[in-house]
Each structure stands twice: as structure tokens, then as C-alpha cells.
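Taking it in order: structure first as C-alpha cells, then the write-up.
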Amino acid sequence: MMIDSKKIFLRSFIVALIGAGLVLAADLIFSSFLPKSNLNISTSLIIEEISLYLIDGALAFSLLLLTALIGNAFGRQWTWIILSVGMIFYLISWLTFIFVGEFLGFEGIRFVAHNIKDILWIMGQMSYGYVFLFIGICTSPIWVYLISRLMKRMANAVFMSITINERISFILAVGLTIIFSIILFVLPQYLSPLNKRDLQVRLSPLTTLFFDKRVNNIPEGFEKDYPYLHLQWKKRLPWPVYQQLQAQPLKDIPVFVMVVESLRSDILNDAIVMPNVYALKQEGILLTPYTSSTQTDAAWPALLSSQYPMRSDYHYYYPQQIRFPRVAIYDVLKHVGYSTAIFSAQNERWGGMFNFLNTGNLDVFFDADASKQGQYAPKEDKGFAKFVEKFGLSGKIDDARVVDEAMKWVTGEQSQKLFAAFNFQRPHFPYTWPDSFNPPFRYCPPQPWIYPPEMIYQVRGRYYNALRYTDMQIGRFIQFLKDRGLYEKSIIFVLGDHGEAFYEHGKAIHGNQLYNETSVTALVVKGSNQSPAFAVNKVPELIDMAPTLLQMLGLTAHPAFQGTSWLDPDFLKKPVFITVNSPIAKQDAIIEGHWKLIKDYRTGHKVLFNLDKDPKEQEDVFGKYPQQGQAMLMRLLFWRLTQIKYYSNA
């Protein structure tokens, strides 16, 4: 019995050793085909680079050894099941890395599970990515069979060639297993901070899943030192009481809030890219506000509700039953006689946003999911467009369709007390437009999310073309308002939900950093001929938009709002808070005057910038001004803790 056990372990050991070699070789081969910007595991110390791969191999060996032993103990079918699931995860994780530069950790798996339909649609935007995923998953059992047969034959050949004493072989195998375990658990402690980060998310699918640790963002006992952090609860304000607070009858002023996906703050410096919005600026004011988050599923609900999106230590998904009180601007307007609507080109089920936005006070809620038809894919990928329609994937709808639906709604309404929020999505990466549009800027085919930096100029061309197309749709709606005699009396906001990066700080797109290229956007405000004009003496933030708009209408801000009107003197005193809390980033930022501090919880790094002297955020001055930096860091942690504590008890 003892001999049989030894044989089983030796065979399993050899199988796992061979399999680990194959996994390590696959990781090296895959990474060799990627742009250099995707992989950051090279260091000046060769031994550290070798150490990273030793950890990768040790982890693969440990998992395969465990799988082989499980198969021997409980039946070969369990080995097949585990290997098949592992193969599918391996392919999806590598595909994720190609798109966003990080492998899937537990938070990433959770994110995929919540948004599976839309992620399939996004992958289809880069057709080769969808084909890679589809073929890989369909053929994974075949690959598992072929690879396992190869491993078994190689293991048998090695096992049969062992001529030394079996007891010695068994001892050597156990000893090597212990050594691999030591490598796996001890070596990471001696890596540099940069390589620890690479080990966690950028080395291989296995290491990311194994080393993906949740970070405790707030020190133990932190709250005990600051008793004033205890929350001050306010009694809910009944709507009849709110209505009685209004000093005078409300005028018939239509309100339209148009949100343009990924609108950079520099786009409206001239009329080249968005001439219609630029012309609107000539009749109003142009601001460059801070967003509350650089990820859409946090920023878009936040600007409508005037509530910070910091609700959890991890990526927050809005549940079907929301237990905390939230009041959106259209809730307020509905209770003072307005007709209300949302027209969105995206699927508002993404991240559960529909659950948050659908408060029961919208007369119309039109989005890509509600449309059920007309979802688009890039013209370079017509096959996937048919797939979207056939299988009912939500995808997105064209911005022109959003405007068409809004014009129908306005035409059918008798009252001029109208509120509509628009969400235009063509400028979302990979920046698309319909075949009928003639793009004015030079561009390249759709690129993966982590495109090579040398492609910046061509990718910017795509971005500008998508913005121009959306600008055309905004221009159509403005002309429609003029034709109906509504333009002069309407309040119109055109703004971005956040900005967009083009490798200014080593990253592209958005949702990954809080530098100004992604955290600052553009905002045009065109007032009504019945509402007061105003000037803003400080860089605003979008969370203050809702109370500002209500004040322009002569209404009192609702106590559920966390923002402050730009017309309120207290606005000048408050700091700006920004967060990104996604599977690929966990950062907070605070801006006070010309100082900006960013805290990265995944790396532990913090940086401080003097925006007056360094508007491009190139020089970290935390070391020069440690007292300023530490004081801002404490206030940032106060804010984070207060938010998380409130929603944990909601």
C-alpha cells in the first residue's frame, strides 16, 4: 500500500512538473507577442526577474500537483473538470490582459460576472478578441485532452526511466515540493515594490489569482483617534415639506443635461472637434470641472444624484434592492411638476446602474437594453453586429437614436416643464461612428484597450471623429429646440462624465488613474432667459451640478445632496474628492486650492502636486512638503472612512 502511494505521488509529481513547464512556457510565449507597454516585469536586477518566473512556475506546479492527486483520489473525471475550467479561465484572463493590461483577480471575476453580456459586446468591438475567446472556450476540452495526454506520456517515460531507489525518488520529490512551496510563499517578501505589484496583477493568470489580496485601506483603530468622524444622521425630508419650502411658483423652464462619454477638458478650446458645442459655449460659459470618478458606472449616477460614488472598499455594484436613501435631480423636479426622462446610448444595466437610476420618478427611461434593436458594432466588424442582434446582447445604440427618441418625447409633451438627461456613447473607446458618417480626421482601425503608444496620433483621430459625430447629434437637438421655440428659455448643460488619457502618465483610456487628463472634463452651461447668469471663481466638481441647476431654477437644494451649489459661498471652502474603485485601479484623490494628492491603495504610493507650478502633474513634491501632503492624506482618509461607514450601515 505504501509503495502504491509512493508511485501515485511520484507520477503526479512528474506530471505537475511537466505541466508547470508548459504553463511557464506559454506565459513567456504569450508575453513575447505583446507591446512592451503591456508588460512591466523587466528590472535592472536579473535575479528579481528570474524570481518572478520561479514564482509563476512554482504556483503552476503546486496547483497541477494538487489536481493530479485529486484525480487519483476521487476519479479522473475531476481532473478533467478542473483542467477544463482552468483552461477557460486561463484564456479569458489572458484576453483581459490584452484589453486592460492586468489579469483577472477575484475582483475582476466578480466584475465579469456582473456584466457578462456587455463585456462580450465590448470584446466584439475588437473582433479578433471575440474570435480568440470564442474559439478558445469551444476548443478548450480538446486542448485539455491533448495537453494531458502529452503530459502523461512524458511523465510515464520519465517515471519508467527512474533507476534509483524508489524511496530516494520519493524523498526527492517531496523535498522539491517543499522547495517550490517555500519559493511560492517566501520569495515575494524580498521583491522590490514594483515587482510585487507586477507579481500581483501582471505576471500570469495564476499568480494574479493567487496573490490578489484585498487591501485594508484604513489603518486599524483609525476612527478612535478622530471621534468627529461619527456620522450625523439627518431626518428624511418628506416631499410635501420640500414643496412647501419653495418661495415662489416655478417657471416653465426646460432643462437638458447632455453627458458626452470621455470628454477631455481641452476639446472645447476651439471649434475644430465639436463646433456645435463650441457655438453653445459662446452663448454660455465654459468650465473645466473635476469628475467624482473616472469610471462611468460611478460618475454618471453621481452627477445626477449629487452623491459621492464611494460606497465600498471594493468595486461597488448597485443591488436590485437599494436600501440607502438617494435622491436624483429628476426626483426633485418630478415633485414640482416636471416631466422627466433619461435617454442613454449605453446599457444602464452595466454595473447595476439601472437599479440606482430607476427611482420611480422617470416618465421615460430609454437605454440600449430597453431598445432591444439597433445595437451597433464597428463597421470593420459587421459579423459581430449580426451576432449582437441574433443573441440579444445589449451593446450600445447609436447617439442619433437617442436624439430621435428625445425629440419624439418633447414633441408629445404638452408642458414646457421638461427635464431630460442624455448619455452619448460614441466617444467611448474604441471610438466608433456609423457607415453614413464621413470622418474628418485621420484614423486607424479599432485597437485593443492597451494599444502601443506609437499609435496615439491615429487613435486620437478615432477619438476626434467619434466626438464630431456626437457633436452633430447635439447640434440636431439644439436646432430642434430652436425650431420649436424652446431654445431661448431652456437651460442646457453639455458635459463629460470624465476625461480620457492618451499615455500622459503611462496609461490610456480611463478608469485606471486620477491624473487630470481623466479626472477633469469640460462643461458648457447655457442659461435660460428666465434664470440668473453666474460666474464660478473656483474649479467646480460635477457632484455640485444638481444643486447648482436647482438654484438656477429658484429651487432649494435637497438635503440628500452631498454637493454644494456653485452659487453658494460655502462652495469655495470645500475640497474636491475623486475616486476610482475598479478591478484595475483603486485610488482616491483630494484637491485643495492648488494642491492635489493622489493615494493608490494597491501599490501604497502617494503623490502630491502643486497644480499652479505643475499643471501637467509631472513632479511629485510630497517629499518637499510632507506636512501639507500628510494633512491632505488624513482628510482624504476621513472622507473615505465616512463614506464607507455610512453605506455599510445603510
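If you check L52 against the conditions, is it buried (at least 20 other Cβ atoms within 10 Å of the Cβ), among the aliphatic types (A, V, I, L, M), under 16 Å from A26 (Cβ atoms) and at pLDDT below 80? Here the answer is yes, as L52 does meet what is asked.
With respect to H498, determine if the residue is touching a helix residue (DSSP H, G or I) at 6+ places or on another chain (Cβ under 9 Å) and either hydrophobic (A, V, I, L, M, F, W, C) or open to solvent by 30 Å² or more (accessible area, probe 1.4 Å) (or both). Judged against the criteria, H498 is not a match.
Residues of region 433-453 that are at pLDDT below 90, more than 21 Å from T294 (Cβ to Cβ) and either within 21 Å of the chain's Cα centre (by Cα) or open to solvent by 60 Å² or more (accessible area, probe 1.4 Å) (or both): D435, Y443, P445, P446, P452. Among residues of region 71-95 being free of Cβ contacts under 8 Å to residues at least 24 places away in the same chain and among the hydrophobic types (A, V, I, L, M, F, W, C), the one that is most open to solvent (accessible area, probe 1.4 Å) is F74.
If the condition is being over 19 Å from I509 (Cβ atoms) and surrounded by fewer than 24 Cβ atoms within 10 Å (Cβ to Cβ), then region 288-300 contributes only T288.
The single residue among A20, A26 that is surrounded by 14 or more Cβ atoms within 10 Å (Cβ to Cβ), over 32 Å from the mean Cα position of the chain (by Cα) and at pLDDT below 80 turns out to be A20. The condition (being farther than 30 Å from A585 by Cα, modelled with pLDDT of 75 or more and either open to solvent by 60 Å² or more (accessible area, probe 1.4 Å) or part of a helix (DSSP H, G or I) (or both)) is satisfied by just one residue among A173, A68: A68. Does region 250-271 contain any residue that is assigned to a helix (DSSP H, G or I) and modelled with pLDDT under 75? Checking region 250-271: not a single residue is assigned to a helix (DSSP H, G or I) and modelled with pLDDT under 75. Looking only at region 459-505, residues that are free of Cβ contacts under 8 Å to residues at least 60 places away in the same chain, part of a loop (DSSP other than H, G, I, E, B) and among the small types (G, A, S) come to 1 in all. Confirm whether G563 is within 22 Å of the chain's Cα centre (by Cα) and not in a helix (DSSP H, G or I). Answer is no for this residue.
All conditions in (1) buried (at least 20 other Cβ atoms within 10 Å of the Cβ); (2) part of a loop (DSSP other than H, G, I, E, B); (3) of a type in the set (S, T, Y) hold for T518, with the sole exception of (2).
The values are calculated or read from the model by the stated rules, or taken from the named source; none is laboratory data. Note that the structure is predicted; figures quoted are calculated from it, not measured. Cβ: placed from backbone, ideal geometry, glycine included. Neighbour counts: every protein chain shown. Only protein heavy atoms, including side chains, enter the accessible area calculation; ligands, DNA and RNA are left aside. Shrake-Rupley method; radii C 1.70, N 1.55, O 1.52, S 1.80 Å.
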